[in-house]
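Enquirer: Can you read through this structure? Questions will come right after.
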Amino acid sequence: MLTSSTLLMVIFGLLVGLIAGFVMYRSDYCLAGMFRNAIMFRNMFMLRILFLQIVFTAVIFEIARQSGLLPLYPFPILSAPSPANLIGGFVFGVGMVLAGGCVVGTLYKMGAGSIISLVAFIGLICGCGLYAEIHPWWGPFVKASTFFKGSITIPQLLGIDPLGLVILFCLPSMVVLWNWHRQDKWERPAEVKGYIQPWKTAIILALLGLFSYLAVGVPLGITTTYVKLAAMLENVFSPSHVSSVQYFKVMSLDVVHPFTGVTLKGGPGPEIDSIWFIQFPVIVGIILGSYFSALQLKEFTVYYKVPIKQVVTAFAGGVILGLAARMTPSCNIWHLLGGIPIFAMQSLLFLVGLVPGTWLGGIILLRILNNKVGKG
Amino acid sequence: MEKSIQELPVLQTITLDVRGQVCPATLLVALENMNTHRSALLGGAAKLHIMTDNREATVTIPGTARAMGYTVAVVHATGYYTIEIWRTTGSDKGGLP
C-alpha cells in the first residue's frame with residue numbers, strides 16, 4: 001500500500017535518480033570506464049575524480065554523523081567481511097568491462113538510447129535471477145567464511161571513533177587533491193555539447209548519496225531491485241518455483257528509521273516492499289534523467305546496427321555483473337561511494353577484487369573483439 | 001598554426017561508423033584503424049572519419065590520437081558526432097602507444 005511515507009520515498013528516489021542520470025550523462029560518468037581506462041589505457045583522469053568523490057563523501061558523511069544526523073551507522077545491509085566480497089569484486093570487474101558499464105552506467109547509457117546497454121541490462125536481471133538459484137551453495141560459504149564477526153568497519157574493528165580515521169585518511173588526501181587541482185588535473189578538454197566537468201558530477205553524486213542516507217537510511221544502491229525484477233518476471237511464468245527459492249525469502253533490510261519512525265523492511269523477493277520503494281524510483285529516475293539530458297542536446301538516438309559480437313558480449317557481461325552483484329553482495333556504487341567512505345571492510349575487499357577483475361575483463365574483451373571489432 | 005582539414009590534399013577518407021557501440025570498443029576500433037592505415041595517415045594520404053554517438057569516445061579517441069601526433073576535429077552532427085583524424089606536419093609519432 002502506498003502510504004504518505006512511501007510516496008515521499010518514491011518522489012525522493014525519482015528526484016535523486018533524475019539528477020544523477022542527467023549529470024552522469026553530461027559527464028560520461030562511467031564508473032566501469034574509470035577502472036577500465038586506467039588499467040587498459042593507463043588513463044588515470046577519471047580515477048582521480050573517483051578519489052575526489054570518495055574523500056568528499058567521507059568528509060560529509062562524518063560531518064553528518066558528528067551532527068547526529070546518521071543514527072543508522074554503519075548503514076543497514078552492510079555486514080562483516082568475507083572472502084565473498086573479494087571474489088564478488090573480482091567477478092564484478094570482469095562483468096563490467098564486458099557489459100560496457102556497471103549497474104548504474106548501464107542505466108544512463110540505456111536512457112540515452114544505447115541498445116548494447118539495454119542488452120547488458122537484460123543480462124543483469126538474468127544474472128541476478130541466476131544468483132537466486134546458486135544462493136543455497138553460496139550463502140553458506142559467505143556465512144562460514146565471514147571473519148571479524150561483529151565488526152563492519154575498520155573503526156569498529158579497532159575500537160576507535162571513526163573521526164580519527166577520517167582525519168587520518170582525508171587530510172593527506174586533500175593535499176593530494178589540491179595538488180592535482182593546481183596542476184589542472186581535475187578538468188579535461190571536451191568538445192561535446194553541454195559537457196559537465198566530472199568533478200562537479202562527483203560532488204553532486206556525493207551529496208545525493210548523503211541525502212539518500214539521511215532520508216531513507218542507506219546511501220545509493222539499486223541491485224537488490226534487479227533481483228526483485230528477476231523474481232517478478234519469473235513469478236509471471238512459474239510462481240511455484242519462485243515461492244520455492246530460498247533467496248527470495250531473505251529479509252535483507254529490517255530496521256526502523258530513528259528519525260522518520262518508518263519501518264524499512266524488504267528483501268530480494270518479488271514483493272513490493274521498502275527496498276522496492278527506495279531503489280526502483282532511483283532506477284527509473286536515472287533512465288529518465290539521462291533520456292531528458294540526451295534529448296535536450298538532441299543526442300537521443302537508437303542505432304540497431306550493432307556488431308552481434310558486441311551484443312553477445314554485453315549480454316554475457318551483464319549476466320556476470322548481475323551474478324557478481326549478488327555474490328559480493330551489492331554493486332560498485334554501494335561499495336565505492338557508500339561503504340569505502342565509512343571504511344567498511346566488505347567494500348574495501350570488493351575494491352581489492354575489482355582491480356584484477358577489471359584487468360582480466362580487459363584481456364578477455366580484447367580476445368573476443370580480436371581485431372575485427374566494428375566490422376560485424 | 002595547424003592547417004584546417006579542408007586545406008589538406010587528402011586522397012582517401014576512411015569512414016568508420018561505430019554508432020551504437022560503447023567504450024572501449026569505439027576506442028579500440030579507432031586504434032586498430034590508426035594502426036592499420038598508419039602509413040597513409042602519416043603520409044597525409046588519408047584521414048579517418050569516425051561517426052559515433054558515444055560521448056565518451058569524443059574524449060578518449062581525440063585524446064589518444066593527439067598523443068600519437070595526429071590532428072583531431074570533433075563536429076556535432078544530427079544525433080551523433082564525427083571525429084576527423086589526420087596528420088599535419090609536426091612531431092613524428094604515430095604508432096600505437
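Nothing in this text is a laboratory measurement; each read-out follows from the coordinates by a stated rule. Here the structure is a predicted model, which means the values were calculated and not measured. All Cβ positions, even for glycine, are placed from backbone atoms using ideal geometry, and neighbour counts span all protein chains on display.
Enquirer: First measure r as the distance between the Cβ atoms of B:ASN35 and A:TRP178, then evaluate 1/(1 + (r/R0)^6) with R0 = 41 Å and state the FRET efficiency to the nearest 0.05.
Expert: Efficiency for this residue pair is about 0.55.
Enquirer: I've got another one for you. For a distance above 18 Å, tell me the whole-number percent of Cα pairs in segment A:1-92 that qualify. Each step should come with its number before you reach the end.
Expert: Details: 2941 of 4186 pairs.
That fraction is 70 percent.
Enquirer: Taking the C-alpha atoms of segment A:239-352, how large are the radius of gyration and the largest Cα-Cα span, Dmax, in Å?
Expert: 18.2, 52
Enquirer: Also, I was wondering about something else. Over all distinct alpha-carbon pairs, what is the Kirkwood Rh of the protein assembly as shown in angstrom? Spell out each step's value before the answer.
Expert: Values: mean 1/r = 0.0434 Å⁻¹.
About 23.1 Å, per the Kirkwood formula over Cα pairs.
Enquirer: Over the Cα atoms of segment B:9-86, how large are the radius of gyration and the largest Cα-Cα distance (Dmax), in Å?
Expert: Reported Rg and Dmax, both Å: 11.4, 32.
Enquirer: When only C-alpha pairs under 8 Å and at least 6 residues apart count, what is the relative contact order of chain A, in percent?
Expert: For chain A, the relative contact order is 40 percent.
Enquirer: In whole angstrom, how far apart do the alpha carbon centroids of segment A:299-351 and segment A:32-75 sit?
Expert: Measuring centre to centre over Cα atoms gives 17 Å.
Enquirer: Cα centroid distance between segment A:104-182 and segment B:25-66, in Å?
Expert: Cα centres, segment A:104-182 to segment B:25-66: 34 Å.
Enquirer: Ranked by Cβ crowding within 10 angstrom, fewest neighbours first, how are A:THR328, A:THR301, A:THR358 ordered?
Expert: A:THR301, A:THR358, A:THR328
Enquirer: How would A:HIS257, A:HIS335 line up from fewest to most surrounding beta-carbon atoms within 10 angstrom?
Expert: Fewest-to-most Cβ neighbours within 10 Å comes out as A:HIS257, A:HIS335.
Enquirer: Name the aspartates and glutamates eligible as straight-distance cross-link partners of A:LYS249: C-alpha to C-alpha under 18 Å, and not fewer than 8 places from it in the same chain.
Expert: Those aspartates and glutamates meeting the cut-off are A:GLU133, A:GLU234, A:GLU271, A:ASP273.
Enquirer: Per residue Cα convex hull volume for segment A:180-298, in cubic angstrom?
Expert: Roughly 150 Å³ of hull volume per residue.
Enquirer: Which of A:LYS305/B:LYS47; A:LYS309/B:LYS47; A:LYS200/A:LYS265 have a Cα-Cα distance over 30 Å?
Expert: In this structure, A:LYS200/A:LYS265 lie more than 30 Å apart at Cα.
Enquirer: I've got another one for you. Only counting other Cβ atoms within 10 Å, I'd like A:VAL227, B:VAL75, A:VAL16 sorted with the fewest neighbours first.
Expert: B:VAL75, A:VAL16, A:VAL227
Enquirer: Quick check on chain A: helices-only [θ] at 222 nm, where DSSP H runs of length 4 and up contribute -39,500 (n - 2.57) each and the sum goes over total residues. Nearest 500, please. Let's see the in-between values first.
Expert: On the way: 14 runs with 246 residues, N = 376.
About -22000 deg cm²/dmol.
Enquirer: For segment A:156-265, calculate the relative contact order in percent as a whole number, restricting contacts to Cα pairs under 8 Å that are 6 or more residues apart. Walk me through the numbers before you get to the answer.
Expert: Numbers: 40 pairs, mean separation 10.7, N = 110.
This gives 10 percent for segment A:156-265.
Enquirer: Distance from a point 7 Å along Cα→Cβ of A:PHE237 to each backbone N in segment A:113-145: keep the residues under 16 Å and list them by number.
Expert: Within reach of a label on A:PHE237: A:122-133.
Enquirer: Still on this structure: If R0 is 22 Å, what FRET efficiency do you get for A:MET251 and A:LEU15 from their C-beta distance, rounded to 0.05?
Expert: Numbers: r = 27 Å, r/R0 = 1.24.
With R0 = 22 Å, the Cβ-Cβ based efficiency is 0.20.
Enquirer: Could you work out, residue by residue across A:36-42, how many beta carbons of other chains sit within 10 Å of that residue's beta carbon, and then give the average as an integer?
Expert: 3
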